[in-house]
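Presented below is the structure to which this report refers.
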Amino acid sequence: MFSKLLKYIKPYKLPFCLFLVCVVLTSFSMLALGRGIGYFIDSGFSSGEQRILLKSLALLLLIVTILAFAMFGRFFIITYYGEKVIADIKTDLFNHLIGLSPEFFEKNKIGELISRITNDLAILQSTISSSVSIFLRNSLMFLGCLIILLYLDFKLTLIVFALIPVVILPLLLLGRRLREISKISQDRQADLLCVMEEHISLVKLIQAYTNEDFVKEKFKNSMRSSLIIAKLRILIRSFLTVTVVIIVFAGVAVILYQGGVKVFAGELTTGEFSSFLFYTILMAGSFAAMSEVFGNIQKAKGSTSRLFALLEEEAIIVDGTDDIASFKSIEFKNVVFSYPSRAENTINNLSFKIKPGDMIALVGSSGAGKTTIVELLQRFYDVDQGEILINDKNIKKYKLSQLRKVFALVPQDSFLFSSSVKENLLFANHNSSNKELEEAVKMAKADKFINNLPEKYDSFIGEKGIRISSGEKQRLAIARAFLRNSDVILLDEPTSNLDSQNEQYLQKVLTNDKNEKTVIIIAHRLSTVKDADHILVLDEGKIIESGTHDNLYSKDGFYKKLVDLQFNA
Ligand code: ADP
């Protein structure tokens, strides 16, 4: 795992080496500061000579200046390059996730996945840009302090060592408890935000059912429980401050007394004793800081391994190698398929063939497997048995990027990005000219409403297209598919949100176009599919009838029942 992380750090080798130099410099200059203070007191202060006082002050200033610059370098380099490393991991994660198969996103809830990644990245970032730095610096300082203390006074150092656990342990324990409570408190706050967000987004429903008072009460209760935790957190925090002041002072008092006795006895100079005190506090601080960040570094191990596991997640759909020449036929041959999360087959031994220029309609009750056929064609899932052939070759053999270019999909939900009309259209084909754009829009009958928008093609359509009506969204999605200029158009209930006039128009476009383009259309409104060359009637993943409208209608079967239900209801 560490070697994987090292791969991301490697490109910034030089800055990271510079960082290490700065860490050593800060630790050394901090250590030198203690000796400097001793020198200042013993030689500068006690000499009674202005010149020596100035000289010792100049020495202190030099040490502080080196310390300040080294601190600047240490902070800047590790924070900036730490963020760069995280940005590289984030980019790789995004690129990787975009390529994963839909099955992965069915097994992992997207909301949870994103919040886990965000959380893990934040932990990793704080570890790289602060915890590691704190740990390195403080372990150097701890060691340095220890050596100097032992050199200054062996016995006094032993007393310090006996005191460290007494002073630090209660603080560490309280600190840990505080962190646990803070985490619970943060979670409660986050829950509260979620409750707020959900209720505000459903405000119309709440008002329509006049449930304002009920919701207010619910919110008040959540708020109360979050406040109780907050109170506990604040109490522990305040108690920690009291403890710090008393315990630390008591500890220092013991050393002051022991040291004072030694100074009286002439075993230590005042300057040496001041240095001793300085190093003791510095060492205690380093120890506390090291144990503080040790937990963070442990936590980062878990986060890093989760992030790298995600980066190693393989796409379940394996890419092929062959190119597709111009499209000549599609064939389903005894296809059997069940969704990974389902035991029963969604598609049951399905066979049919489509020629270029055909318009094929898939009809049947909801859940019959129509959308699944469209998904299988684009290889979002692989079939369990049988095969799907394009130009008589299994689609698994083709490069995915080429296979998917054969199709232009108009999905059931229009799936629009929160950007402008133009950007949404160009998503299908980034190289389209304005003329092509306008033609596609005209064909989808979206021109009139786009021209009525305040900024026409540059109008922002809101999150997932919330600022335009469902019918308008659908027409944009259809125009986008036309712009793709693919051989086969896949329409999944393209008219469900269109009024009759627009539906008739679309039907005309599709039938006029049928000599050129192959159309596979799923429709609940059977008026849309009347002119199809071939209608496949599906039930439980099987074809139960097939033929043209007239042909099927005269048969008095399932199709006739569906048509009669719709037109004579
Ligand atoms: P239709 O388009 O004919 O309404 P679908 O092809 O969408 O039907 O769905 C066929 C069956 O497969 C339904 O029972 C549906 O619940 C199930 N299904 C659809 N998508 C998934 C999925 N991603 N995971 C599991 N089951 C699914």
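Here are the numbers for the structure shown:
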quantity	calculated
Residue within region 310-320 that is of a type outside the set (Asp, Glu) and over 30 Å from ASN485 (Cβ atoms) present	yes
Residue in region 248-258 that is on the phi < 0 side of the Ramachandran plot, assigned to a helix (DSSP H, G or I), at pLDDT 90 or above and loosely packed, with under 15 Cβ neighbours inside 10 Å present	yes
Close pairs (9 angstrom Cβ cut-off, 6 or more residues apart or separate chains): aliphatic (A, V, I, L, M) in region 143-156, not in a helix (DSSP H, G or I) anywhere	LEU152/LEU268; LEU156/LEU268
Residue identified as surrounded by 13 or more Cβ atoms within 10 Å (Cβ to Cβ), aliphatic (A, V, I, L, M) and over 30 Å from ASN296 (Cα atoms) among ILE206, ILE181, ILE200	ILE206
Identity of the residue in region 306-340, within 16 Å of the ligand (Cβ to nearest atom) and in a loop (DSSP other than H, G, I, E, B), that ends up nearest to ASN394 (Cα to Cα)	ILE317
Complete set of residues in region 377-426 that are in contact with a strand residue (DSSP E or B) (Cβ under 6 Å, 6 or more places away or on another chain) and more than 30 Å from TYR457 (Cα to Cα)	VAL383, ASP384, GLN385, GLY386, GLU387, ILE388, LEU389, ILE390, ASN394, ILE395, LYS397, TYR398
Candidates LEU376, LEU409, filtered to the one that is surrounded by 17 or more Cβ atoms within 10 Å (Cβ to Cβ) and in contact with a Leu (Cβ under 7 Å, 6 or more places away or on another chain)	LEU409
Which numbered condition ALA343 misses (of (1) at pLDDT below 90; (2) within 12 Å of the ligand (Cβ to nearest atom); (3) buried (at least 16 other Cβ atoms within 10 Å of the Cβ); (4) of a type outside the set (S, T, N, Q))	(3)
Residues of region 526-557 satisfying the condition of being at pLDDT 85 or above, of a type outside the set (D, E, K, R) and within 16 Å of the ligand (Cβ to nearest atom)	ILE535, LEU536, VAL537, LEU538, GLY541, ILE543, ILE544, SER546
One residue from SER29, SER46 being of a type in the set (Ser, Thr, Tyr) and more than 47 Å from the chain's Cα centre (by Cα)	SER46
Counted residues, region 556-569 - those being of a type outside the set (A, V, I, L, M, F, W, C) and in contact with a strand residue (DSSP E or B) (Cβ under 7 Å, 6 or more places away or on another chain)	2
Total residues in region 370-427, condition under 19 Å from ILE520 (Cα atoms) and part of a helix (DSSP H, G or I)	13
Verdict on ILE159 being of a type in the set (A, V, I, L, M), within 30 Å of VAL261 (Cβ to Cβ), touching a residue at least 12 places away in the same chain (Cβ under 8 Å) and more than 16 Å from the ligand (Cβ to nearest atom)	yes
Positions within region 171-186 being in contact (Cβ under 8 Å) with a residue 12 or more places away in the chain and aliphatic (A, V, I, L, M), in sequence order	LEU171, LEU172, LEU174, LEU178, ILE181, ILE184
Within region 346-373, tally of residues that are at negative phi, more than 7 Å from the ligand (Cβ to nearest atom) and surrounded by fewer than 21 Cβ atoms within 10 Å (Cβ to Cβ)	8
Among residues of region 261-297, those that are assigned to a helix (DSSP H, G or I) and either in contact with a Cys (Cβ under 8 Å, 6 or more places away or on another chain) or aliphatic (A, V, I, L, M) (or both), counted	15
Single unsatisfied condition, ILE89 versus (1) of a type in the set (A, V, I, L, M, F, W, C); (2) over 12 Å from the mean Cα position of the chain (by Cα); (3) at pLDDT 90 or above; (4) farther than 30 Å from GLU272 by Cβ	(2)
GLU387, sole failed condition from (1) within 16 Å of the ligand (Cβ to nearest atom); (2) free of Cβ contacts under 8 Å to residues at least 60 places away in the same chain	(1)
Among (1) within 29 Å of VAL318 (Cα to Cα); (2) hydrophobic (A, V, I, L, M, F, W, C); (3) touching a residue at least 60 places away in the same chain (Cβ under 8 Å); (4) out of contact with any Ser or Thr (no Cβ under 8 Å at 6 or more places or on another chain), the one test that VAL85 misses	(1)
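The values are calculated or read from the model by the stated rules, or taken from the named source; none is laboratory data. Note that this is a predicted model, so its numbers are computed, not measured. Cβ: placed from backbone, ideal geometry, glycine included. Neighbour counts: every protein chain shown.
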